[in-house]
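Please read the structure below before turning to the comments.
The values are calculated or read from the model by the stated rules, or taken from the named source; none is laboratory data. Please read all numbers here as calculations on a predicted model, not as lab measurements. Please note: Cβ atoms are built from the backbone with ideal geometry, for glycine as well, and neighbour counts cover all protein chains shown. Side chains included, ligands, DNA and RNA excluded: accessible areas come from the protein's heavy atoms. Shrake-Rupley method; radii C 1.70, N 1.55, O 1.52, S 1.80 Å.
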Amino acid sequence: GKVSKNRKRCEMAESEEKSPYANLKALCQSLKLTENALLTPIKKVITVKADASLIDAFRVLINNNILSAPVFDGGKWIGFLDVRDLVSYVNHLFETQPKRRKSWEQKINEKKEVVALKAEKKKNDKSHLDRIIDIAALEPKITVKYLARRNPFKPLSSKANLWEAMQLMARRIKRIPVVDEKGELVNIVSQSSVMRLLSQHLTDKKIQAELLKVTAIEIGVKPVVYVNKETLASDVFKVMSDKNLSGIAVIDHMGTFLCSTQASDLKLYLKKQNLNILRKPIRQFLAQVRQEELVDNLPNVSVKPKDTIAHVLNKLAVVKMHRVFVADPKNGLRPVAVVSISDVLKHICGSKGSSSSGLVMKPKSKKQKQ
């Protein structure tokens, strides 16, 4: 089935592509996908049924504090439902049908005016997701099944090792489903869990020596996709959707790197905010959706051009983000490259993959905003 095909693909790639990281490779080949460090942090794998309503499906993600979940249909797994799919689609509707957007924004403002008590406010907050789903539901072809097929389900056997999973992730597959001999889904290995596990072995002198040979600027993708801090959040999400990015750099008027967006921002937005916030500048949007989180609201997650892969790998594990930006102190801390987990794994595994193209977005003028 799909598991054996993916395994054969990994074996073929392994015979064709040699990695200079012999010690790291040997370690990863000795680690199975059932390692405790790779197990999902929740008690069981959260799944979604293909015939579920959009609102029920996305509530599963929000209530379990996850970004995605596998979808089951007709006795087989068809893909993953991802939070980003909903936000990008609603953003598309707003862009193509401005009258509908204004109507919904007006209704939201009217309702906000009559909300006074905390209990009422809580009830109102819960209905923000309902409103967004209602908008998406106006297009009957947008179903859980339709969205799930945009994110393929590429499983590996529970007997597979970490190196095999890394080879698939090097091809920009963000999550690896793990199935047992009966075809039952037993785990989902994320890129973040792989980074955490690898960072735990950086104390090994042989592995550390291998990871000190190459710098961030050498493996970083150039040019950087970035937006000005005054760019509207809705426009930023459109760029992320169009270019299939889960994170994008935010700069000031001098070109200095300030912070970056990440997929979890969309989850926080769906959980706590309303549609109006999409019309705010991205810097304000990020500050607002992160204000209740127990983390730095707007962390500057960057590395220097000459920082090693070991440093990058460790930083990705510590900050729990999927990418870091390479900011050059000699050039006013402008973002000159971006290194994602996929980029690190692609380099380590010797995989050839596609790179993101660059795009600059300028803030809209006052006339355009009106």
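In whole Hz and in residue order, list the ³J(HN,Hα) couplings for the range 239-252 that follow from phi through the Karplus curve 6.51 cos²θ - 1.76 cosθ + 1.60, θ = phi - 60°; x for Gly and Pro.
4, 4, 5, 4, 9, 6, 10, 9, x, 8, 7, 10, 10, 9
In the structure shown, do any of 222/306; 206/320; 174/267; 25/222; 229/306; 44/320 have a Cα-Cα gap over 19 Å, and if so which?
Listed pairs above 19 Å: 206/320; 25/222; 229/306; 44/320.
Ranked highest first by the average count of other Cβ atoms within 10 Å around their residues, in what order do 144-150, 26-32, 79-85 fall?
Put in order of decreasing packing, that is 79-85, 144-150, 26-32.
Keeping every protein chain present and rolling a 1.4 Å probe, give me the accessible area per residue for the range 136-190 in Å².
With all protein chains present, the range 136-190 gives 43 Å² per residue.
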